[in-house]
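Peer 1: Below is a structure I'd like to ask you about.
The values are calculated or read from the model by the stated rules, or taken from the named source; none is laboratory data. These numbers were taken from a predicted model, which means no experiment stands behind them. Virtual Cβ from ideal backbone geometry, glycine too; neighbours counted across all protein chains shown.
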Amino acid sequence: MIYSAEEFKNQAPGANPIETLLKTHPGTAYCLHEIEEALIGTEMNRKKHLDVFIANLAILDPLLFTEKKIEYRIIDNIPYFRWNG
């Protein structure tokens with residue numbers, strides 16, 4: 001669906017589900033496919049949901065790199081993320 005600029009501006013940004021997941025489980029570190037599965041489920045339709053997942057991940061940029069509320073570690077060549085706020 002395509003939205004006009006006015007329709008877009010009238011919508012609230014809403015909560016980022018990745019941020020919510022990490023905040024809810026601050027003692028757990030997740031790799032990207034675990035985050036994706038937790039949010040979308042095991043029977044996900046990648047074509048439908050991949051753009052949503054990537055957008056939600058990109059929105060976390062300030063929390064990762066500026067505010068450092070989400071920390072990450074590379075473990076066995078896989079990035080893991082956890083809430084550090």
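Peer 1: Could you please give the count of residues in the range 26-71 that are farther than 19 Å from Ala15 by Cβ, modelled with pLDDT under 85 and surrounded by 14 or more Cβ atoms within 10 Å (Cβ to Cβ)?
Peer 2: 1
Peer 1: Please specify each residue of the range 6-15 satisfying the condition of being loosely packed, with under 10 Cβ neighbours inside 10 Å and either at pLDDT 85 or above or in contact with a Ser or Thr (Cβ under 6 Å, 6 or more places away or on another chain) (or both).
Peer 2: Glu6, Asn10
Peer 1: Looking at the range 72-85 only, could you name the residues that are assigned to a strand (DSSP E or B) and surrounded by 11 or more Cβ atoms within 10 Å (Cβ to Cβ)?
Peer 2: Correct list: Tyr72, Ile78, Pro79, Tyr80, Phe81, Arg82, Trp83.
Peer 1: Related question: Quick check on this structure: which one of Leu50, Leu39, Leu22 is touching a residue at least 60 places away in the same chain (Cβ under 8 Å), part of a helix (DSSP H, G or I) and not polar (S, T, N, Q)?
Peer 2: Result: Leu22 is the single residue among Leu50, Leu39, Leu22 that is touching a residue at least 60 places away in the same chain (Cβ under 8 Å), part of a helix (DSSP H, G or I) and not polar (S, T, N, Q).
Peer 1: To continue, here is another question. Checking Ile18 against (1) at pLDDT below 90; (2) surrounded by 14 or more Cβ atoms within 10 Å (Cβ to Cβ); (3) within 24 Å of Met1 (Cα to Cα): exactly one of these is not met. Which one?
Peer 2: In the conditions (1) at pLDDT below 90; (2) surrounded by 14 or more Cβ atoms within 10 Å (Cβ to Cβ); (3) within 24 Å of Met1 (Cα to Cα), Ile18 misses (1) alone.
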